[in-house]
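**Student:** The following block contains the structure, expressed as structure tokens.
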Amino acid sequence: MRMTGRSLLNNDLNHPIKMRKIILFCILLGMTCMAKAQSLPVYLDPTKNVEERIEDALQRMTLAEKIRVIHAQSKFSSAGVPRLGFPDFWTDDGPHGVRPDVLWDEWEQAGQTNDSCVAFPALTCLTASWNPQLGMLYGQSLGEEARYRGKNMILGPGVNINRTPLNGRNFEYMGEDPFLASRMVVPYVQGLQSIGVAACVKHYALNNDEEYRHQVNVVVDDRALHEIYLPAFKAAVQEGKAWGIMGAYNLYKNQHNCHNQYLLNDILKRDWGFDGVVVSDWGGAHDTEQAIKNGLDMEFGTWTDGLTMGATNAYDNYYLARPYLKLIQEGKFTTRELDEKVRRVLRLFYRTTMDQTYKQGFLCSDAHYEAAQKIAEEGIVLLKNQGNVLPIDLHQAKRVLVVGENAIKMMTVGGGSSSLKVQREISPLDGLKARLAGKATVDYARGYVGDVTGNYNGVTTGQDLSEKRSADELIAEAVSKAKAADYVIFFGGLNKSDYQDCEGHDRKSYGLPYQQDRVITALAKANKNFIYVNISGNAVEMPWVKQVPAIVQGWFIGSQAGVALASVLVGDANPSGKLPYTWFKTLNDVPAHRLNSYPGTWRADKKVIDETYKEGIFVGYRWVDKDKTKPLFAFGHGLSYTSFDLSNLRLSQKKITENDQLTATVTVKNTGHRAGAEVVQLYVSDLKSSLLRPKKELKGFKKVYLAPGETKDVDITIDRSALSFYHDKLQKWVAEPGDFEVLVGNASDHLPLKAKFTLQ
Ligand code: BGC
């Protein structure tokens with residue numbers, strides 16, 4: 001007879017000799033465990049509280065060991081404490097995939113064969129999805145790739161506010177609005193850290209342009225600082241519980257931000273209660289005493305002269321290395337500040353390298369490609385669709401012409417530190433060819449020549465983009481092919497080369513480079529089914545906007561670029577992305593430029609460039625409302641292949657007190673013939689205030705998915721924080737009693753539903 005587990009156990013226990021043996025075994029096991037537990041020092045005992053373990057480890061460390069853990073030992077790693085069993089700590093960029101390994105002390109490739117990754121869409125695209133769940137998916141997927149690669153910290157995400165469309169790094173950030181950026185950064189951080197990989201939120205703070213980034217001293221009023229530039233960092237710290245934050249290169253109040261009393265000690269650590277590590281941006285530390293006193297915990301990338309050029313293997317000469325040790329030995333400093341830094345570093349170790357509970361992770365898994373594609377499809381924004389040119393009608397499209405360098409150019413190589421070495425990157429042209437195979441012929445014309453190089457730190461695209469024909473010849477070819485096509489799709493925009501969407505510099509002008517305007521105008525004349533897909537992380541000038549019927553913002557979307565773009569263009573995916581920044585018509589419409597407050601004024605005495613943010617809190621759509629400028633495309637704008645009706649806005653209460661929450665409910669109906677998603681956006685307007693406030697500010701949103709004809713009620717809840725402003729005299733957030741209005745719709749310039757309420 002077959003015995004069940006239970007009867008087997010009963011049977012065993014009923015046997016007296018076996019029973020005695022089991023008891024003896026248990027006693028011995030218990031004694032061994034107790035002995036082991038007793039011999040385990042507190043710092044290694046996982047049953048002990050982390051803070052206790054930190055203190056125990058700290059008092060066992062020598063001065064030299066303490067100094068060693070607070071600065072780099074290679075381009076991307078810092079030392080652990082081998083004697084005590086703390087492994088080395090490895091960081092890596094960030095934020096769109098895990099950067100390939102470079103040599104110990106060189107920027108060139110280490111030449112590994114296991115560091116080709118999945119490139120996820122740039123953070124601008126993630127943010128344009130207005131879907132926080134995708135932030136979580138992004139963080140988790142990236143975390144798994146990082147974990148597999150043995151990285152303990154990802155240098156990202158970035159949340160510097162888009163203040164000027166010229167900023168070379170906007171593509172790595174989360175748009176212009178502090179609320180949107182906050183909602184999107186928190187799940188990214190949580191997702192990443194749930195895999196055991198620390199986030200290092202960057203670049204804290206006020207690093208809103210790249211030109212002269214080591215010299216710019218930002219002068220900004222306290223309201224703009226707290227209302228616009230800090231909220232996403234604060235959310236990442238307080239809600240996301242980020243384990244790391246990276247100081248920015250630039251200065252604030254004449255102090256470098258990697259050792260800045262106001263930003264690091266006062267705001268980040270004291271006011272926000274940040275318990276993680278402050279990491280310097282690579283080469284962002286400049287002075288030992290300031291680094292000791294002003295909040296820096298881990299110094300990276302310095303070399304000897306304070307910049308990123310200098311002697312090799314100079315790690316012992318870092319500001320927080322021998323020079324610091326010397327100051328302690330000379331009695332100029334006690335170990336008080338050092339211990340505080342080491343505590344934070346040890347906390348980071350316990351959260352990452354010393355936590356054995358995390359799984360190993362995966363590289364280039366199907367799930368990661370799927371995640372990258374989903375994020376891309378939800379982030380692509382349909383800006384214009386006159387005459388419903390899109391989606392491409394597969395019954396009519398027999399001959400599709402693709403034009404433009406960006407249809408074939410790899411975009412994952414370049415752009416600075418976020419550059420990647422990918423396992424694959426599907427170009428828009430290849431994506432369309434695959435999707436249209438057997439349905440239409442896909443022809444290609446170059447149209448223009450941009451930048452044919454493709455190399456970053458030794459990673460080469462291997463693409464031969466050389467082209468001998470003249471601009472006129474290329475346009476003539478494209479136009480003649482366009483005349484014979486059913487659809488013409490032009491992939492243009494920017495790329496990841498210097499002075500484009502790339503770290504280190506800003507763009508020199510707002511217009512499209514490489515004379516693309518000429519090609520676009522000619523193609524728009526040649527074929528009425530003309531679609532312009534803009535590949536960039538920034539807005540660009542579109543003098544031809546009226547002549548082009550369909551415009552898509554395609555971002556830099558990584559490995560699955562071509563698949564995701566093809567799926568949106570043919571309508572497999574219904575676009576649901578919304579702009580995370582205002583698309584101004586001209587550069588002069590952008591407040592930073594209109595007010596002549598970019599890139600600042602050189603001050604020879606201090607060797608800094610004062611960049612005064614004259615527009616204050618009026619960035620992006622806040623400026624549009626104030627100045628009554630009409631942008632080309634508003635913040636929050638994005639079309640769909642279906643239509644939605646928003647109606648019946650109702651509020652849970654008409655009067656609320658300081659501690660109440662208020663829920664706005666709105667009914668959304670898909671009135672078209674395709675399934676799709678709409679982003680319900682809620683803005684708050686303070687009808688009367690003692691200080692000047694923006695006309696409206698985004699304070700809630702929800703993405704809702706609806707089948708054709710389907711209706712859903714969407715709830716958005718706000719609280720006092722949605723009504724508050726930063727009172728610069730009182731130096732705190734204040735919600736003034738009085739009347740407010742909620743404005744609900746699907747773009748900052750389309751908010752047809754309104755309801756008033758009173759804060760008592
Ligand atoms: C960039 C950082 C990056 C670091 C390491 C710096 O130049 O500003 O964003 O994480 O390099 O590559």
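The values are calculated or read from the model by the stated rules, or taken from the named source; none is laboratory data. Since we're looking at a predicted model, the values are computed, not measured. Quick reminder, even Gly has a Cβ in these numbers, built from the backbone with ideal geometry, and neighbours come from all protein chains shown. Calculation scope for accessible area: heavy atoms of the full protein, side chains included, ligands and nucleic acids excluded. Shrake-Rupley method; radii C 1.70, N 1.55, O 1.52, S 1.80 Å.
**Student:** Has region 63-74 got any residue that is surrounded by fewer than 17 Cβ atoms within 10 Å (Cβ to Cβ) and in the same structural domain as A321 (by the TED database)? Spell out the reasoning first.
**Tutor:** First pass over region 63-74, keeping only residues surrounded by fewer than 17 Cβ atoms within 10 Å (Cβ to Cβ): 63-64.
Add one more test, that the residue is in the same structural domain as A321 (by the TED database), and what stays is 63-64.
Yes, because at least one residue in region 63-74 is surrounded by fewer than 17 Cβ atoms within 10 Å (Cβ to Cβ) and in the same structural domain as A321 (by the TED database).
**Student:** Determine whether region 285-298 contains at least one residue that is of a type in the set (S, T, Y), more than 27 Å from T612 (Cβ to Cβ) and touching a helix residue (DSSP H, G or I) at 6+ places or on another chain (Cβ under 7 Å).
**Tutor:** Going residue by residue through region 285-298, those that are of a type in the set (S, T, Y) are 288.
In the following step, the residues that additionally are more than 27 Å from T612 (Cβ to Cβ) were identified as 288.
Then keep just the ones that are touching a helix residue (DSSP H, G or I) at 6+ places or on another chain (Cβ under 7 Å); that gives 288.
Taking every residue of region 285-298 in turn, at least one turns out to be of a type in the set (S, T, Y), more than 27 Å from T612 (Cβ to Cβ) and touching a helix residue (DSSP H, G or I) at 6+ places or on another chain (Cβ under 7 Å).
**Student:** Considering only region 190-221, state which residues are over 20 Å from G301 (Cα atoms) and within 15 Å of the ligand (Cβ to nearest atom). Step through it out loud before you land on a result.
**Tutor:** Within region 190-221, the subset over 20 Å from G301 (Cα atoms) is 190-197, 206, 208-209, 217-221.
L192, V197, L206, N208, D209 - these are the residues of region 190-221 that are over 20 Å from G301 (Cα atoms) and within 15 Å of the ligand (Cβ to nearest atom).
**Student:** Of these, Y510, Y514, which one is open to solvent by less than 10 Å² (accessible area, probe 1.4 Å) and either in contact with an Asp or Glu (Cβ under 8 Å, 6 or more places away or on another chain) or within 16 Å of the ligand (Cβ to nearest atom) (or both)?
**Tutor:** Numbers: Y514 fails: open to solvent by less than 10 Å² (accessible area, probe 1.4 Å).
Exactly one residue qualifies, and that residue is Y510.
**Student:** Here are the criteria: (1) under 22 Å from Y683 (Cα atoms); (2) open to solvent by 10 Å² or more (accessible area, probe 1.4 Å). Tell me which single one R213 does not satisfy.
**Tutor:** (1)
**Student:** Here is a follow-up. Only residues that are in contact (Cβ under 8 Å) with a residue 12 or more places away in the chain, within 16 Å of the ligand (Cβ to nearest atom) and open to solvent by 20 Å² or more (accessible area, probe 1.4 Å): list them for region 477-503, please.
**Tutor:** Answer for region 477-503, where residues must be in contact (Cβ under 8 Å) with a residue 12 or more places away in the chain, within 16 Å of the ligand (Cβ to nearest atom) and open to solvent by 20 Å² or more (accessible area, probe 1.4 Å): K496, E503.
**Student:** Could you pull out every one of the strands (runs of 3 or more DSSP E) wholly within region 196-276 that has 1 or more residues that are more than 18 Å from G94 (Cβ to Cβ) and assigned by the TED database to the domain that holds G168?
**Tutor:** Values: elements: 198-204, 216-219, 244-247.
Result: 216-219.
Here's the yes/no breakdown for (1) under 30 Å from V98 (Cα atoms); (2) touching a strand residue (DSSP E or B) at 6+ places or on another chain (Cβ under 9 Å):
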{"site": "A550", "(1), (2)": "no, yes"}
{"site": "Q560", "(1), (2)": "yes, no"}
{"site": "A564", "(1), (2)": "yes, no"}
{"site": "K585", "(1), (2)": "no, no"}
{"site": "V619", "(1), (2)": "no, no"}
{"site": "A634", "(1), (2)": "no, yes"}
{"site": "H637", "(1), (2)": "no, yes"}
{"site": "S640", "(1), (2)": "no, yes"}
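**Student:** Still on this model: Among what's in region 380-434 and is of a type in the set (D, E, K, R), part of a loop (DSSP other than H, G, I, E, B) and buried (at least 20 other Cβ atoms within 10 Å of the Cβ), pick the residue that is farthest from the ligand (Cβ to nearest atom).
**Tutor:** The extreme case among them is K409.
**Student:** For region 632-674, give me each residue that is under 12 Å from V714 (Cβ atoms) and open to solvent by less than 50 Å² (accessible area, probe 1.4 Å). Break it down stepwise before answering.
**Tutor:** Residues of region 632-674 that are under 12 Å from V714 (Cβ atoms), as a first pass: 644, 646-650, 663-669.
If the condition is that a residue be under 12 Å from V714 (Cβ atoms) and open to solvent by less than 50 Å² (accessible area, probe 1.4 Å), then F644, L646, S647, L649, T663, A664, T665, V666, T667, V668 are the ones that fit.
**Student:** Can you find a residue in region 529-540 that is more than 31 Å from the chain's Cα centre (by Cα) and either modelled with pLDDT of 95 or more or away from the ligand (no atom under 16 Å from the Cβ) (or both)? I'd like the intermediate steps shown before the answer.
**Tutor:** Step one: list which residues in region 529-540 are more than 31 Å from the chain's Cα centre (by Cα), which gives 529-530.
Applying the additional criterion that residues be either modelled with pLDDT of 95 or more or away from the ligand (no atom under 16 Å from the Cβ) (or both) yields 529-530.
Within region 529-540, one or more residues are more than 31 Å from the chain's Cα centre (by Cα) and either modelled with pLDDT of 95 or more or away from the ligand (no atom under 16 Å from the Cβ) (or both).
**Student:** Hey, S280 hits all of (1) among the hydroxyl-bearing types (S, T, Y); (2) open to solvent by 40 Å² or more (accessible area, probe 1.4 Å); (3) within 13 Å of the ligand (Cβ to nearest atom) but one; which does it fall short on?
**Tutor:** Exception for S280: condition (2).
**Student:** With G191, G240, G273 as the choices, which residue is over 27 Å from E697 (Cα atoms) and small (G, A, S)?
**Tutor:** Numbers: G240 fails: over 27 Å from E697 (Cα atoms); G273 fails: over 27 Å from E697 (Cα atoms).
Step by step, each of G191, G240, G273 is checked, and only G191 is over 27 Å from E697 (Cα atoms) and small (G, A, S).
Residues are listed down the side, and each one gets a yes or a no for (1) open to solvent by 10 Å² or more (accessible area, probe 1.4 Å); (2) more than 26 Å from F644 (Cβ to Cβ); (3) outside the structural domain of A539 (by the TED database):
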residue	(1), (2), (3)
A566	no, no, no
L569	no, no, no
K578	no, no, yes
K585	yes, yes, yes
V590	no, yes, yes
R594	yes, yes, yes
P599	yes, yes, yes
R603	yes, yes, yes
K607	yes, yes, yes
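**Student:** To continue, here is another question. Among V666, V680, V608, which is over 30 Å from N207 (Cβ atoms) and over 27 Å from the mean Cα position of the chain (by Cα)?
**Tutor:** Details: V680 fails: over 27 Å from the mean Cα position of the chain (by Cα); V608 fails: over 30 Å from N207 (Cβ atoms).
Answer to the check: V666.
**Student:** Then there's this: Could you please find all residues in region 222-250 being farther than 27 Å from K496 by Cβ and within 16 Å of the ligand (Cβ to nearest atom)?
**Tutor:** W243
**Student:** Before we move on, is Y705 within 17 Å of F618 (Cα to Cα) and not basic (K, R)? First the steps, then the outcome.
**Tutor:** On the way: within 17 Å of F618 (Cα to Cα): no; not basic (K, R): yes.
It is false that Y705 is within 17 Å of F618 (Cα to Cα) and not basic (K, R).
**Student:** Same structure, new question: Only residues that are on the phi < 0 side of the Ramachandran plot and either open to solvent by less than 10 Å² (accessible area, probe 1.4 Å) or more than 16 Å from the ligand (Cβ to nearest atom) (or both): list them for region 100-121, please. Spell out the reasoning first.
**Tutor:** Applying the first criterion (on the phi < 0 side of the Ramachandran plot) to region 100-121 yields 100-110, 112-121.
Passing the criteria: P100, Q112, T113, N114, D115, S116, C117, V118, A119, F120, P121.
**Student:** With the condition kept exactly as written, say whether any residue in region 679-692 is in contact (Cβ under 8 Å) with a residue 60 or more places away in the chain, over 16 Å from G745 (Cα atoms) and open to solvent by less than 40 Å² (accessible area, probe 1.4 Å).
**Tutor:** no
**Student:** Same structure, new question: Give the residues of region 600-641 that are free of Cβ contacts under 8 Å to residues at least 40 places away in the same chain and either β-branched (V, I, T) or under 30 Å from G571 (Cβ atoms) (or both), sorted by residue number.
**Tutor:** T601
**Student:** Another question about this same structure. Kindly indicate whether any position in region 101-119 is closer than 15 Å to D501 by Cβ, touching a Pro at 6+ places or on another chain (Cβ under 7 Å) and outside any loop (DSSP other than H, G, I, E, B). Break it down stepwise before answering.
**Tutor:** Let us first name the residues in region 101-119 that are closer than 15 Å to D501 by Cβ, namely 119.
Next, only the ones that are touching a Pro at 6+ places or on another chain (Cβ under 7 Å) stay: none.
No, the conditions are met nowhere in region 101-119.
**Student:** Output the residues belonging to region 702-751 that are open to solvent by 40 Å² or more (accessible area, probe 1.4 Å) and closer than 15 Å to F179 by Cβ. If you could, list the steps in order and put the result at the bottom.
**Tutor:** Kept after step one, since they are open to solvent by 40 Å² or more (accessible area, probe 1.4 Å), are these residues of region 702-751: 702, 705, 707-713, 715, 717, 719-721, 728-733, 737, 739, 749-750.
Across region 702-751, the qualifying residues are K702, T717, D719, R720, S721, W733.
**Student:** If Q560 satisfies every condition in (1) out of contact with any Lys or Arg (no Cβ under 8 Å at 6 or more places or on another chain); (2) more than 19 Å from R435 (Cβ to Cβ) but one, which is the exception?
**Tutor:** With (1) out of contact with any Lys or Arg (no Cβ under 8 Å at 6 or more places or on another chain); (2) more than 19 Å from R435 (Cβ to Cβ) applied to Q560, the lone miss is (2).
**Student:** With the condition kept exactly as written, say whether any residue in region 151-166 is outside any loop (DSSP other than H, G, I, E, B) and either open to solvent by 20 Å² or more (accessible area, probe 1.4 Å) or away from the ligand (no atom under 16 Å from the Cβ) (or both).
**Tutor:** Quick first cut of region 151-166, residues outside any loop (DSSP other than H, G, I, E, B) only: 153-154, 158.
With the extra rule that they be either open to solvent by 20 Å² or more (accessible area, probe 1.4 Å) or away from the ligand (no atom under 16 Å from the Cβ) (or both), the set shrinks to none.
No: zero hits.
**Student:** Going by what's in this entry, would Y444 be described as open to solvent by less than 20 Å² (accessible area, probe 1.4 Å) and in the same structural domain as N534 (by the TED database)? Before the answer, list the steps.
**Tutor:** Numbers: open to solvent by less than 20 Å² (accessible area, probe 1.4 Å): no; in the same structural domain as N534 (by the TED database): yes.
Here the answer is no, as Y444 does not meet what is asked.
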